[in-house]
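Comments concern the structure below.
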Amino acid sequence: MRIRHFSTFLLLGGLVLASGRGAALAAPATDSTAHVLPQTIADEVVAVVGNSQILLSDLEEATNETVRARAVTGTITDRPARDEALENLLIVKLLSEQARADSLDKELPGGLEAQIEAQIQQLVLEAGSVKALEKRFRKEIYAIKDDLKKAAEDMQLASLMQSDVMKKVTVTYAEVADFFGKVPLDSMELIPEQYVYAQIVRLPPATEERKFEVRQRLLEFRRRILAGEKLGALARLYSMDPGTARSGGEWGPGDANQLVYPIVEALENLKPGMVSEVIETEYGYHIVELISRRDNLLHFRQILLKPQFTVEETERELKLLDSLAREIGTDKKAFEEAVGLYSMDAQTNRNGGVVFNAKEARENFDTKYANPRYMKDALDPMDYRALSRLQPGEVSAPFETIDRANGNTLYKIVRLNEVIPTHVASLAQDYEIIEDVALQDKQNRTLDKWLNEMIGKMYVWIAPEYRGLQFERKWIRE
C-alpha cells in the first residue's frame with residue numbers, strides 16, 4: 001500500500017510526454033545524446049486520435065524520454081519503451097480531444113504565450129538565428145510556435161479532463177476500511193515520524209508611513225498604465241508575487257474561490273481592460289487589470305507590492321520573542337498564555353498556537369486535511385530546522401522565515417509538543433492518510449474505466465506498422 005500521495009497513470013505518463021513535440025523541437029542539434037530524426041521522416045503520421053495526429057518525431061522523443069525516466073526511477077519492465085510511449089501519447093491525445101469537445105479549453109490557465117515565447121527565444125539562441133531555426137525544422141517560425149503551443153495545450157487539457165472525470169469520486173468509511181483490509185500485512189508501509197508543534201508569530205510592523213509609500217508607488221504605476229504602459233511589463237519588473245511576476249502578473253483563468261475576497265470584489269467592479277484602485281490584502285497591496293470573467297472563472301493581471309522593513313525593526317521583534325522563550329521555558333501553560341497575548345497569527349493564536357496543516361485543507365477544500373501531525377517533508381524547512389533541535393516540551397530560539405501561504409516575512413518561536421514515532425499504518429491512528437490513498441485508488445479505477453469507454457467511442461487510427469506494439473488497452477478495433 002502506498003501511504004504517500006501518488007499520481008495517476010496519466011500524470012506519470014506526463015513526465016514522459018511533457019517533452020513530446022515541444023522537446024523534440026527544443027533539443028539542440030549539436031547535442032550528441034539527443035535522438036535527431038532524419039528530416040525526410042519527421043512528418044510521418046503514426047496515429048490519429050479524433051482530430052489530432054501523433055507524428056513519428058513525437059514518438060521517437062517520447063520513447064527517448066521514457067528510457068531516461070526509467071533510468072532515473074530504476075523501473076524494470078519487459079515492455080518496450082516505444083510501446084509504452086505510444087500508449088501514453090494516445091491517452092493524452094484522447095483526453096485533450098475530449099476536453100475540447102467538453103469546452104474545457106476555455107479553462108486553460110494563463111501564461112502559455114509567455115512560456116512559448118521563452119522557448120522560441122531559447123531555440124533561436126541555440127540555432128543562431130531565426131532563419132537557421134526555420135531551416136533546421138523546415139518550417140517557418142510561426143509554425144514552430146504553433147507546434148509548441150499545441151503540445152503544451154494538449155498536456156494542460158489532458159490534465160483538466162482527467163481532473164474533471166475524477167473530481168466527483170468520493171469514498172465512504174466502509175470503502176476505506178475495505179480497502180485497508182485488503183492490504184497484505186507484509187506490504188504495509190511505515191508511517192514516517194510525525195511532529196505536533198505550536199508557535200508564537202510576530203509580523204513586521206506595517207506602519208502607516210510604509211503603507212503610504214507602497215500605495216503611492218502603486219498609484220504611480222496605475223497612472224503610467226492609464227497613460228499607455230502595459231501592466232504586464234511593469235509586473236515583470238516590479239511585482240513581488242513570484243507566482244505571477246514572470247508571466248506579466250497574469251493569473252488564471254481560475255476559480256474565484258481560490259482568491260482572497262478583496263481581489264474578487266475589485267474584479268467584479270471592472271470591465272475587461274480596466275485597472276483597479278489600490279487593494280489591500282493579507283499578501284500586501286495590489287492593482288489588478290481584468291482580462292476576462294466568465295461565471296466564476298476570473299482571468300486578470302496584477303502587480304503586488306509589500307512594505308519593506310529596517311534591520312532595527314526586525315531586531316526588535318526577534319528580541320521580544322527571545323525574551324518570551326527564556327521566560328516560558330518548558331511551561332506549556334505559560335506558552336499558551338503568551339500565544340494569546342503576543343502571537344499575531346490569526347490561524348493559531350486562539351488554540352494555544354498549535355499548527356494545523358491549513359495549506360492542504362485550502363488546496364483540497366476539505367477541513368479533514370487540517371491535521372496537527374506533520375511528516376518531516378510537509379513541514380516548512382525553517383520550522384523543521386528549529387524543531388529537529390528540540391526535545392518534546394522545549395521552545396526554540398527565535399528565527400525569521402517566510403509564510404508559504406502569502407510570501408510575507410514573519411518571526412517566530414516554536415514549541416515541540418509531541419513526536420509520533422515511525423509506525424505501521426493503522427486505521428484508528430492514520431485514517432486520513434489511508435482515506436487519501438483509498439480515494440486515489442478509486443479515482444484511478446474510475447478514470448481507467450472512463451478511458452476504456454472513450455476508446456470505443458472516439459475515432460482512433462494507428463498506422464499498420466505500429467499495430468503490433470504491446471498496448472495495455474484495446475486501441476485497435478477488430
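No value in this document is a laboratory result; all are computed from the given coordinates. Owing to the predicted nature of the structure, the values given are computational and were not obtained by experimental measurement. Don't worry about glycine lacking a Cβ; one is built from the backbone with ideal geometry, like all the others, and counts go over all protein chains shown.
At-a-glance table
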{"quantity": "Long-range amide H partners of Asn417 with built H, under 5 Å", "calculated": "Val196, Tyr197, Ala198, Gly393"}
{"quantity": "Links that overshoot a 31 Å alpha carbon limit, given the list Lys106/Lys139; Lys106/Lys168; Lys376/Lys474; Lys145/Lys306; Lys167/Lys457", "calculated": "Lys376/Lys474; Lys145/Lys306"}
{"quantity": "Computed label-point distance, nm, for sites Glu465 and Glu337 using a 7 Å Cα→Cβ extension", "calculated": "8.3"}
{"quantity": "Karplus-derived HN-Hα couplings along the stretch 382-399 (A = 6.51, B = -1.76, C = 1.60, θ = phi - 60°), whole Hz, x at Gly and Pro", "calculated": "5, 5, 5, 4, 6, 5, 5, 9, 10, 9, x, x, 8, 10, 7, 6, x, 8"}
{"quantity": "Extension gain, Leu297 back to Thr310 (0.36 nm per residue minus Cα-Cα distance, nm)", "calculated": "0.7 nm"}
{"quantity": "Charge tally in the Cβ shell below 14 Å around Arg316, where Lys, Arg are +1 and Asp, Glu are -1, Arg316 excluded", "calculated": "-4"}
{"quantity": "Folded to 0 to 90 degrees: helix 332-342 orientation relative to the chain principal axis, Cα", "calculated": "90"}
{"quantity": "Cα→Cβ-extended label distance, 7 Å offset, between Asp448 and Val130, nm", "calculated": "5.0"}
{"quantity": "The chain pair-distance distribution - Cα-Cα, 20 Å bins, rounded %", "calculated": "18, 44, 33, 4"}
{"quantity": "Dipole in debye (nearest 20) - the stretch 161-227, about Cα centre, beta carbon charges: Lys, Arg +1; Asp, Glu -1", "calculated": "860"}
{"quantity": "The stretch 208-305, relative contact order in percent, only Cα pairs under 8 angstrom and at least six apart counted", "calculated": "32"}
{"quantity": "Positive-end extreme of charge dipole, the stretch 145-276 - chosen from Tyr197, Leu234, Ala256 (charges on Cβ)", "calculated": "Leu234"}
{"quantity": "Where GluC sites (Glu not before Pro) fall in DSSP loop in the stretch 191-296, at most 15 other Cβ within 10 Å", "calculated": "Glu193, Glu229, Glu277, Glu282"}
{"quantity": "Candidates per GluC sites (Glu not before Pro) in the stretch 78-171, loop by DSSP, up to 16 other Cβ within 10 Å", "calculated": "Glu140"}
{"quantity": "Check: the chain dipole with +1 on Lys, Arg Cβ and -1 on Asp, Glu Cβ, in debye", "calculated": "680"}
{"quantity": "log10 of Debye I(q)/I(0), alpha-carbon scatterers only, for the stretch 208-305 at 0.22 Å⁻¹", "calculated": "-1.16"}
{"quantity": "Computed magnitude of the charge dipole of the stretch 208-305 (debye, nearest 20; Cβ of K, R +1, Cβ of D, E -1)", "calculated": "440"}
